[in-house]
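K.L.:
Questions regarding the structure given below will be posed in turn.
All of the numbers you see were taken from the coordinates with simple rules; none came from a lab. Being a predicted model, the structure only gives us computed values, none of them experimental. Positions of Cβ are backbone-derived with ideal geometry, glycine not excepted, and every protein chain shown enters the neighbour counts.
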Amino acid sequence: MKPSSQSPAWTPVHNALGVPCAARCRRFVRSEQELIEALSRWPDALVVGQCSNLVLPKRLECPLLVAAWRGLRLVREGADALLTAAAGESWHALVRYSLGQGLGGLENLALIPGSVGAAPIQNIGAYGVELAERLTEVRVFDRQDARIRALVPSACGFGYRTSLFKVQPGRYAVLGLTLRLGAGNPLVLDYPDIKRELARAGHGEPSRRQVAEAVMRVRRRKLPDPKVWGNVGSFFKNPVVSKDAARRLAQSHPSLVAHPTAGGAKLSAAQLIDLCGWKGRRQGKVGVWRRQPLVLVNHGGGAGEDFLALAERIRQSVMERFGVYLALEPTAVSPQTP
Ligand SMILES: Cc1cc2nc3c(=O)[nH]c(=O)nc-3n(C[C@H](O)[C@H](O)[C@H](O)COP(=O)(O)OP(=O)(O)OC[C@H]3O[C@@H](n4cnc5c(N)ncnc54)[C@H](O)[C@@H]3O)c2cc1C
């Protein structure tokens, strides 16, 4: 395969982290059929959306296929509405569209950057709601068997910031989603930040739109704008530890936040990082965001490798102090990916 003969050599790849990256071959793909054809031609291609959850290398040898086809369609109306969305749609445009149609269920997921096609990869979530809870189907192209499949959520291996697609990178290209939206989805208002924001605005019994607006205000306040400070949102996942480990940690560090889960407890990665003294610290051209230590930011000129080096130092200090391993949330891409 000689992608360089098909497109200009070394195209810069815009990404939320703001790191320099040039791809040998980049294609915007305008339809499902075009993607399938491109994948059969370039089996080693990396499929992406808006590059808001990637740590990219300076040079990307494999072809980059950007899902860019659009489409939102209400296929069933009413209290139990079904909405289909194409992979290249913007996630937030989908949230806005659903609210415009009076459909409930996505308000807590407002303003998450990126595309619809990437949303199931890490099962995007925020403020107590995860994508998996609203899905009825994920349409994929299975690159191994070269066929289109319609997967129900129970076949997608969804968990906290994970899925079958994340565990088997490169096997599935997401073509589109079907979501169940409507009155059947309860409002989720458990998060203190959101509760406070709604109370401040005087919304005792908020509408879906008011919840979405509260979520957007909180996000704008807490998270740095990637256009100003390159970032991918949370750089680490909240670690889930066994019951025994949670008990030991509660004895040695009683102030640690621990939410019970089926097998143990979910800790706050932000708190662990903060307690290790990282909040607001800088290492060369990259650093830890001063208001949210889960977020690493580009101070200007930082490269993917600078982020990975800082993440490794943070990881080591959390491991030394608490014996807890922090997994990365974004996908770190190697030059020859996948
Ligand atoms: C400021 C900020 C805040 C964020 N907040 C949140 C948050 O609250 N919750 C949350 O869950 N995430 C959050 N994120 C992460 C990010 O928004 C999501 O992971 C989003 O789904 C990434 O979309 P994307 O199109 O940019 O994906 P990309 O970064 O382009 O790709 C991410 C991964 O998905 C794969 N992929 C993309 N499209 C496809 C496709 N069609 N088929 C197969 N694989 C594909 C890529 O190969 C890659 O592995 C945040 C990011 C930023 C920058």
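K.L.:
On a full-extension model of 0.36 nm per residue, what is the gain between residue 299 and residue 188, subtracting their alpha-carbon distance, rounded to one decimal in nm?
P.N.:
On the way: separation 111, 0.36 × 111 = 39.96 nm, distance 3.53 nm.
Full extension of this stretch gives 36.4 nm more.
K.L.:
Taking θ as phi - 60°, what are the ³J(HN,Hα) couplings along the stretch 10-21 by the Karplus curve (6.51, -1.76, 1.60), each to the nearest whole Hz, with x for Gly and Pro?
P.N.:
6, 8, x, 10, 5, 8, 4, 6, x, 8, x, 8
K.L.:
Follow-up. Which percent of Cα pairs goes in each bin when the distances of the chain are cut into 20 angstrom slices starting at zero?
P.N.:
29, 59, 12, 0
K.L.:
Go ahead and collect, in residue order, the members of the stretch 285-315 whose backbone nitrogen is under 16 Å from a label point 7 Å along the Cα-Cβ direction of residue 59.
P.N.:
304-305, by backbone N distance to the label point.
K.L.:
Packing-wise, with mean Cβ within 10 Å as the measure, how do 132-140, 178-186 rank, highest first? Walk me through the intermediate numbers first.
P.N.:
Details: 132-140: 20.1, 178-186: 17.8.
Put in order of decreasing packing, that is 132-140, 178-186.
K.L.:
On the first, second and third principal axes, largest extent first, how far apart are the outermost C-alpha atoms of the stretch 228-338 in Å?
P.N.:
42, 33, 23
K.L.:
Let me ask something else about it. Quick one: grab the alpha carbon gyration tensor of the stretch 3-67, order the square roots of its eigenvalues as a ≥ b ≥ c, and give me rounded if a/c is under 1.5, else prolate or oblate depending on whether a/b is larger than b/c.
P.N.:
On the way: a/c = 2.12, a/b = 1.39, b/c = 1.53.
Taking the square roots of the gyration eigenvalues as a ≥ b ≥ c, the stretch 3-67 is oblate.
K.L.:
Sticking with this one: Grab the eigenvalues of the alpha-carbon gyration tensor for the stretch 28-96, scale each by 5, take roots, and send me the semi-axes largest first in whole angstrom.
P.N.:
29, 15, 8
K.L.:
Separate question: Collect residues whose amide H, placed 1.01 Å from N in the peptide plane, falls under 5 Å from the amide H of residue 21; neighbours closer than 5 in sequence don't count.
P.N.:
Correct list: 13.
K.L.:
Let me ask something else. Obtain the nm distance between the two label points defined at residue 10 and residue 308 by a simple spin-label model: each point lies 7 Å from its Cα along the Cα-to-C-beta direction.
P.N.:
Here the modelled spin labels are 2.0 nm apart.
K.L.:
Among 9-15, 312-318, how do they line up from the highest to the lowest mean number of other beta-carbon atoms within 10 Å?
P.N.:
Taking the mean over residues of other Cβ atoms within 10 Å, the ranking is 312-318, 9-15.
K.L.:
So, one more: Order the peptides 151-157, 79-85 from the highest to the lowest mean number of other Cβ atoms within 10 Å of their residues.
P.N.:
Values: 151-157: 15.1, 79-85: 18.4.
Result, highest mean first: 79-85, 151-157.
K.L.:
Efficiency by 1/(1 + (r/R0)^6): what FRET value for residue 149 and residue 228, r their Cβ-Cβ distance, R0 = 41 Å, to the nearest 0.05?
P.N.:
Working: r = 40 Å, r/R0 = 0.98.
Working from the Cβ atoms, E equals 0.55.
K.L.:
Can you compute the FRET efficiency between residue 160 and residue 243 using 1/(1 + (r/R0)^6), with r the Cβ-Cβ distance and R0 = 25 Å? Round to the nearest 0.05.
P.N.:
0.90
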